[in-house]
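Asker: Quick one: the structure is below, and I'll ask about it shortly.
The values are calculated or read from the model by the stated rules, or taken from the named source; none is laboratory data. This one's a predicted model, so the numbers in the text were calculated from it and none came from an experiment. Cβ sites come from the backbone with ideal geometry, for glycine too, and all protein chains shown count toward neighbours.
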Amino acid sequence: MKHTLNLTGRNLFDLDDYSVEEIEKIFETAKVMKEINSREYKKIPTLRGKTVATLFFEDSTRTRISFELATTRLSADVVSFTSTGSSLKKGESIQDTVYTLNAMGIDLYVVRHSCPGVPQLVNKYSNKPVLNAGDGRHAHPTQALLDMFSIWEKKGSLKGLKVAIVGDILHSRVVRSNLIGMKKMGADVVVCGPRTLMPPKIEEVYGATCEYDLKTAIKDADVVMALRMQLERQTEGLFPGLGEYTSRYGLSNKMLEFAKDDVLVMHPGPMNRGVEILPEVADSEHSIIIEQVTNGVAVRMALLFLILGGKPGREVA
Amino acid sequence: MSTKKRILDEKEMERILKRLANEVIEKNKGCEGLYIVGIHTRGVPLAKRIAHYIEKFENEKIHVGSLDITLYRDDLAYIEHQPVIQDSILNFDIEGKHILLIDDVLNTGRTARAALNAILDYGRPAFIQLLVIIDRGNRELPIQADFVGKHLPTAKIESVQVHLKEVDEADEVLIIKD
């Protein structure tokens, strides 16, 4: 089988178009970037003269800041677009917004939107590489990459690891990208949550195991990831109350005893402390939640470097 | 047809490395505050060997680090394959230190330029010296080495390869003409 090990000019819509070797290359590069982020002078001249636009049509704190830091640490320039306070409010379409930005010489776009497929649309109108920073319920591949990198860094590999993901699986784009990526890297993934928040056919489509009982789901797990319980789901009638949710699906020290002794606890953020995860777990020695944020910048630097550096794709055997 | 010509063998390389180690000691009047940094790939084992000789001659411990300059290259937009970046390990604070950079071949000077920028991103050393085994001479930047194993004026179409046991099969220096 042929694959390109050169990522120059590639898009990242989701992890299904990336091979195991390519994902490993991103991890290896992220390791180097992480070292740079630990220096006193956290800046290298690698992408001098390149310009990245972050287009956030939906709110975000950590992802946008993480991308912008990643860009500036590589010495590229960044322009930041948010839909509030922009010409979108005057009725300008996404198409014309992209034409306008493109006319100012953008080299790469980072896109978040509540509708799936907008990153592809931006790529179509701009003809420039696009990194998906979250589109609707579809995908959030850079979050999945940083989650997987965090595990890879601690455990050496994802092969054969049992990863339990707990919470609102139905609405989560983080889960979908993680399922694709983690299965690809050889992990066994168990998803767990209330039936009302579980998408149909998740076992058939993603090859994940589905559990409704938390104890069973995290038994002997190497990694447990809690997802944010979006409070607005309660008014939609998808679960009866936070108290009940916490008692059945909240990660507590008592629950964690069923997992392996060296289990890693993760959360993509933002956290609802006391709802899906208790503070005793979030702040425990098992938790790598804060390190996930640190790794996010390194992984995004790796992606920007690999996609904006070098000449476009050459096939290698 | 490509031709290979061996310029240095194992014994000659060993003598050169010992001489270079002595030159470093002589020029710096000892090795106090000396920190050696090898440039990936072959500069790293060379740095370890030079450090070993200096330690032997002076009976003092020398710190050795390694540096990958990929992210500082000026031809990133032109290279077709994306090189694997290796770890840069500087387990010491370089502020105010005396740094000896080591590489196998000095030619255009562009690698040395990148290495200087990379080092300076870690801090402000007192001064930096450059040691190379082979100086080919086709300079494109105003950069000179402080210590040179052998001057080997070559045409740009030729390539010079330094082989080291740690990375390759033997200790030798070859000129290869395609």
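Asker: Here is a list: B:Ile69, B:Ile89. Which entry is touching a helix residue (DSSP H, G or I) at 6+ places or on another chain (Cβ under 6 Å) and hydrophobic (A, V, I, L, M, F, W, C)? First the steps, then the outcome.
Answerer: Values: B:Ile89 fails: touching a helix residue (DSSP H, G or I) at 6+ places or on another chain (Cβ under 6 Å).
Answer to the check: B:Ile69.
Asker: Moving on to the next point. Quick check, is A:Arg62 away from chain B (no Cβ under 14 Å), within 24 Å of the chain's Cα centre (by Cα), more than 16 Å from A:Asn123 (Cβ to Cβ) and among the basic types (Lys, Arg)?
Answerer: yes
Asker: Given (1) surrounded by fewer than 22 Cβ atoms within 10 Å (Cβ to Cβ); (2) over 15 Å from A:Thr54 (Cβ atoms), where does A:Met104 come up short, assuming only one miss?
Answerer: (2)
Asker: If you don't mind, another one. A:Leu74 - would you say it is within 14 Å of another protein chain (Cβ to nearest Cβ), farther than 23 Å from A:Pro268 by Cβ and surrounded by 15 or more Cβ atoms within 10 Å (Cβ to Cβ)?
Answerer: Here the answer is yes, as A:Leu74 does meet what is asked.
Asker: From the list A:Ser172, A:Ser177, which one is out of contact with any helix residue (DSSP H, G or I) (no Cβ under 8 Å at 6 or more places or on another chain), polar (S, T, N, Q), buried (at least 23 other Cβ atoms within 10 Å of the Cβ) and assigned by TED's automatic domain parsing to the domain that holds A:Ile277?
Answerer: Working: A:Ser177 fails: out of contact with any helix residue (DSSP H, G or I) (no Cβ under 8 Å at 6 or more places or on another chain).
Residue meeting the stated conditions: A:Ser172.
Asker: Taking the range A:189-207, which residues are more than 16 Å from A:His171 (Cα to Cα) and at pLDDT 95 or above?
Answerer: Answer for the range A:189-207, where residues must be more than 16 Å from A:His171 (Cα to Cα) and at pLDDT 95 or above: A:Val189, A:Val190.
Asker: Turning to a different aspect of this structure: Filter the range B:144-168 for residues that are in contact with a strand residue (DSSP E or B) (Cβ under 9 Å, 6 or more places away or on another chain) and in a loop (DSSP other than H, G, I, E, B) and give the result.
Answerer: B:Gln144, B:Ala145, B:Asp146, B:Leu152, B:Pro153, B:Thr154, B:Ala155, B:Ile157, B:Glu158, B:Leu164, B:Asp168 - these are the residues of the range B:144-168 that are in contact with a strand residue (DSSP E or B) (Cβ under 9 Å, 6 or more places away or on another chain) and in a loop (DSSP other than H, G, I, E, B).
Asker: Quick check on the range A:107-123. Is at least one of its residues small (Gly, Ala, Ser), within 21 Å of the chain's Cα centre (by Cα) and either outside the structural domain of A:Thr61 (by TED's automatic domain parsing) or closer than 13 Å to A:Phe56 by Cα (or both)? It would help to see each step written out before you state the result.
Answerer: Just the residues of the range A:107-123 that are small (Gly, Ala, Ser), to begin with: A:114, A:117.
Subsequent filtering for residues that are within 21 Å of the chain's Cα centre (by Cα) retains A:114, A:117.
Applying the additional criterion that residues be either outside the structural domain of A:Thr61 (by TED's automatic domain parsing) or closer than 13 Å to A:Phe56 by Cα (or both) yields A:114.
Taking every residue of the range A:107-123 in turn, at least one turns out to be small (Gly, Ala, Ser), within 21 Å of the chain's Cα centre (by Cα) and either outside the structural domain of A:Thr61 (by TED's automatic domain parsing) or closer than 13 Å to A:Phe56 by Cα (or both).
Asker: Among the residues of the range B:70-83, how many are in a loop (DSSP other than H, G, I, E, B), facing chain A (nearest Cβ under 7 Å) and at pLDDT 65 or above?
Answerer: 1
Asker: Mind listing just one residue for me: the one in the range B:105-134 that is crowded, with 17+ Cβ neighbours inside 10 Å and among the hydroxyl-bearing types (Ser, Thr, Tyr) and, of those, nearest to the other protein chains (Cβ to nearest Cβ)?
Answerer: Step by step, filter the range B:105-134, then rank; the result is B:Tyr122.
Asker: Now a separate question. Can you tell me which residue is surrounded by the most Cβ atoms within 10 Å (Cβ to Cβ) among those in the range B:141-170 that are acidic (Asp, Glu) and modelled with pLDDT under 95?
Answerer: Within the range B:141-170, the first condition is being acidic (Asp, Glu), and the residues that meet it are B:146, B:158, B:166, B:168-169.
Add one more test, that the residue is modelled with pLDDT under 95, and what stays is B:158, B:166, B:168-169.
On the way: B:Glu158: 15, B:Glu166: 13, B:Asp168: 13, B:Glu169: 8.
Ranking the qualifying residues of the range B:141-170, first place goes to B:Glu158.
Asker: Would you mind stating whether B:Asn28 is exposed (fewer than 15 other Cβ atoms within 10 Å of the Cβ) and among the polar types (S, T, N, Q)?
Answerer: No; evaluated as a whole, the condition is false for this residue.
Asker: Take the conditions in a strand (DSSP E or B) and closer than 30 Å to A:Lys155 by Cβ and apply them to A:Val110. Does it pass?
Answerer: yes
Asker: Taking the range A:13-35 as the region of interest, how many residues are under 30 Å from A:Asn102 (Cβ atoms) and either within 11 Å of chain B (Cβ to nearest Cβ) or surrounded by 18 or more Cβ atoms within 10 Å (Cβ to Cβ) (or both)? First the steps, then the outcome.
Answerer: Taking the range A:13-35 and keeping what is under 30 Å from A:Asn102 (Cβ atoms), we get A:13-19, A:22-23, A:25-26, A:29-30, A:33.
Next cut, either within 11 Å of chain B (Cβ to nearest Cβ) or surrounded by 18 or more Cβ atoms within 10 Å (Cβ to Cβ) (or both) only: A:13-15, A:18, A:22-23, A:25-26, A:29-30, A:33.
Counting residues in the range A:13-35 that are under 30 Å from A:Asn102 (Cβ atoms) and either within 11 Å of chain B (Cβ to nearest Cβ) or surrounded by 18 or more Cβ atoms within 10 Å (Cβ to Cβ) (or both) gives 11.
Asker: For the range A:252-270, which residues satisfy the criterion of being under 19 Å from A:Glu153 (Cβ atoms) and not in a loop (DSSP other than H, G, I, E, B)?
Answerer: Once the filter is applied, which keeps residues that are under 19 Å from A:Glu153 (Cβ atoms) and not in a loop (DSSP other than H, G, I, E, B), the range A:252-270 yields A:Leu264, A:Val265, A:Met266.
Asker: Now, a different point. Scan the range B:94-104 and give yes if some residue there is under 17 Å from the mean Cα position of the chain (by Cα), free of Cβ contacts under 8 Å to residues at least 12 places away in the same chain and crowded, with 16+ Cβ neighbours inside 10 Å, otherwise no.
Answerer: Let us first name the residues in the range B:94-104 that are under 17 Å from the mean Cα position of the chain (by Cα), namely B:98-104.
So of that shortlist, the ones also free of Cβ contacts under 8 Å to residues at least 12 places away in the same chain come out as none.
No: the range B:94-104 contains no residue that is under 17 Å from the mean Cα position of the chain (by Cα), free of Cβ contacts under 8 Å to residues at least 12 places away in the same chain and crowded, with 16+ Cβ neighbours inside 10 Å.
Asker: Can you tell me which residues in the range A:1-12 are surrounded by fewer than 21 Cβ atoms within 10 Å (Cβ to Cβ) and either farther than 12 Å from A:Leu303 by Cα or touching a His at 6+ places or on another chain (Cβ under 8 Å) (or both)?
Answerer: Within the range A:1-12, A:Met1, A:Lys2, A:His3, A:Thr4, A:Leu5 qualify.
Asker: Additional query: Please find, among A:Ile26, A:Ile36, the residue that is modelled with pLDDT of 95 or more, outside any loop (DSSP other than H, G, I, E, B) and within 21 Å of A:Met301 (Cβ to Cβ).
Answerer: Working: A:Ile36 fails: modelled with pLDDT of 95 or more.
Residue meeting the stated conditions: A:Ile26.
Asker: Looking only at the range A:192-210, filter to residues that are touching a residue at least 24 places away in the same chain (Cβ under 8 Å), crowded, with 16+ Cβ neighbours inside 10 Å and not in a helix (DSSP H, G or I); which one of those is farthest from the chain's Cα centre (by Cα)?
Answerer: Only one residue tops the list, namely A:Pro194.
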